[in-house]
Amino acid sequence: MNFPALKNDNLLRAARGEDVDRVPVWVMRQAGRYLPEFMEFRKEHEFFEICRTPEFACEVTMQPLRRFDLDASIIFSDILVIPQAYGMTVEMCPGKGPVFPEPLKSPADLPNLQPNGTAEKLSYVGEAITMMRHKLEGKVPLIGFTGAPWTLMGYMIEGGGSKTMSKAKSWLKDYPEDSNTLLSMLTNSIVDYLEMQVKAGAQLLQVFESSAEHLSKEEFLEHCVPYLKDIRDKLHERLEAQSIAPVPMTLFAKGAGHSLAEQSKLGYEVIGVDWTVDPLEARKQVGPNITLQGNLDPQDMYKTPEEVKALVEEMVKKFGKHRYIANLGHGITPLTPIESMKVLVETVHKAF
Ligand code: 1CP
């Protein structure tokens, strides 16, 4: 595709276990609601209009990079574009988050889903990725992403965010075969979607299993892990068959700190951890050949700059310079002071 040469490859080197000049840092949801320029942009444009218009998606992806010395960009989109591609309506309600007016009520609704051609229907994400690679001029790598099967299933059944994912969890128990059908359907679509993102220019892929937090360890191992492994293995097979080099992959299973050893065996180069996990314990669980990403509590960003600095210093010291990508333990929240982002990024960079 003839993209501009990469100038700062610390993120990719960290993911591959190579030496870095400085610890790379980026922030989940780094584009978005805590930035006044994003809020201004949102006044003019509906959320999914931004996702579907490559120029707009690139503008919003660029916003945090103009303010902070970040080591990665992540393409602006949402995990819920896959359910949309299946024909489900998803509305983004300001202050409330995503809403599905017609969620899946029972397995009888499954035949209404239209999984064929998901990657083609989401070609606008690929166009945004390709455009962004050029606009970045090689400044930092570009991350592509997807929701993981269980997390997407949860939203499709609950009809939006949920404190408990209780309806979706009932499906796992009451309709095990239909749940497997849905999770497998999503797995196949995700592989197609990620393949398309790599071809479009994504340089690292993050898989968000954000709703793992609602499952027990046993449930996570049964309903998430096999599909997460499939995604990685099938994507690699697919790329290899076309002689396309694979890109590093990150698995972020929020609330699954109970299964880091199991996660480390799935073939992902990077494992993201939330703030409930102690960095030293995480390293013990995943061993030396995995890169860890995380894990400041997003709530800590509301503390004073001095406190944020001290917490970040402690975090980076515990993770160490090698095989580490600094991040929050989940997405940045809307009222976070901008100053905290500056302190986070600067403190990480000064650490070693
Ligand atoms: O900057 C970036 O990180 C890229 C953009 C991005 C990403 C990676 C957005 C934009 N969403 C996501 C992923 C995403 N979306 C996840 C996985 C990460 C996570 O766990 O936070 C999830 C669960 C969603 C679903 C979603 N979309 C929620 C959560 C709802 C809930 O309570 O469960 C919300 C609030 C959204 C809306 C959204 N997505 C992104 C932004 C900037 C926003 C705010 C919407 C707005 O502008 O009105």
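Just one residue in the set LYS265, LYS199 is over 30 Å from MET1 (Cβ atoms), of a type in the set (D, E, K, R) and either surrounded by fewer than 24 Cβ atoms within 10 Å (Cβ to Cβ) or within 16 Å of the ligand (Cβ to nearest atom) (or both); that residue is LYS265.
So that you can scan it fast, the table gives a plain yes or no per residue for (1) within 9 Å of the ligand (Cβ to nearest atom); (2) surrounded by fewer than 18 Cβ atoms within 10 Å (Cβ to Cβ); (3) over 17 Å from the mean Cα position of the chain (by Cα):
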site: VAL27; (1), (2), (3): yes, no, no
site: GLU40; (1), (2), (3): no, yes, yes
site: GLU44; (1), (2), (3): no, yes, yes
site: ILE50; (1), (2), (3): yes, no, yes
site: GLU59; (1), (2), (3): no, no, yes
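Pairs meeting the criteria (first residue in region 34-57 and under 14 Å from ILE338 (Cβ atoms), second residue away from the ligand (no atom under 12 Å from the Cβ) and among the β-branched types (Val, Ile, Thr), beta carbons under 8 Å, at least 6 apart or on different chains) are TYR34/THR336; TYR34/ILE338; LEU35/ILE338.
Taking first residues from region 220-234 that are without any contact (Cβ under 8 Å) to a residue 60 or more places away in the chain and partners that are surrounded by fewer than 16 Cβ atoms within 10 Å (Cβ to Cβ) and not polar (S, T, N, Q), the Cβ contacts under 9 Å between residues at least 6 apart in sequence or on separate chains come to LYS229/LYS265; LYS229/GLY267; ARG232/GLY267; ASP233/GLY267.
For region 65-83, taking the residues that are near the ligand (Cβ under 7 Å from one of its atoms) and without any contact (Cβ under 8 Å) to a residue 60 or more places away in the chain, the one that is nearest to HIS134 (Cα to Cα) is identified as PHE76.
Go through region 1-61 and tell me which helices (runs of 4 or more DSSP H), entirely inside it, have 3 or more residues that are of a type outside the set (Ser, Thr, Tyr), more than 14 Å from ALA128 (Cβ to Cβ) and out of contact with any Asp or Glu (no Cβ under 8 Å at 6 or more places or on another chain). Result: 36-44. Can you find, within region 202-224, the residue that is farthest from the chain's Cα centre (by Cα) among those that are in a helix (DSSP H, G or I), more than 14 Å from the ligand (Cβ to nearest atom) and surrounded by fewer than 21 Cβ atoms within 10 Å (Cβ to Cβ)? Checking each candidate, the answer is GLU218. Of the helices (runs of 4 or more DSSP H) that lie entirely inside region 84-195, those containing 3 or more residues that are within 12 Å of the ligand (Cβ to nearest atom) span 123-136, 149-158. When region 62-76 is filtered for residues that are assigned to a helix (DSSP H, G or I) and surrounded by 24 or more Cβ atoms within 10 Å (Cβ to Cβ), only PRO64 remains. Counting the residues of region 291-319 that are in contact (Cβ under 8 Å) with a residue 24 or more places away in the chain, small (Gly, Ala, Ser) and surrounded by fewer than 21 Cβ atoms within 10 Å (Cβ to Cβ) gives 0. Looking only at residues in region 180-191 that are within 17 Å of the chain's Cα centre (by Cα) and not hydroxyl-bearing (Ser, Thr, Tyr), which one is surrounded by the fewest Cβ atoms within 10 Å (Cβ to Cβ)? Going through the qualifying residues, I end up with VAL191.
Every condition in (1) touching a Pro at 6+ places or on another chain (Cβ under 8 Å); (2) surrounded by fewer than 19 Cβ atoms within 10 Å (Cβ to Cβ); (3) farther than 17 Å from PHE68 by Cβ holds for THR333 except the one numbered (3). Residue selection: VAL247 satisfies the criterion of being more than 27 Å from GLY159 (Cβ to Cβ), under 20 Å from the mean Cα position of the chain (by Cα) and buried (at least 19 other Cβ atoms within 10 Å of the Cβ).
Quick note: the coordinates plus some simple rules give every number you see, no bench work behind them. As the structure is a computational prediction, the values presented were derived from the model and not from experiment. Because the Cβ atoms are built from the backbone with ideal geometry, glycine has one as well, and the counts that use them run over all protein chains shown.
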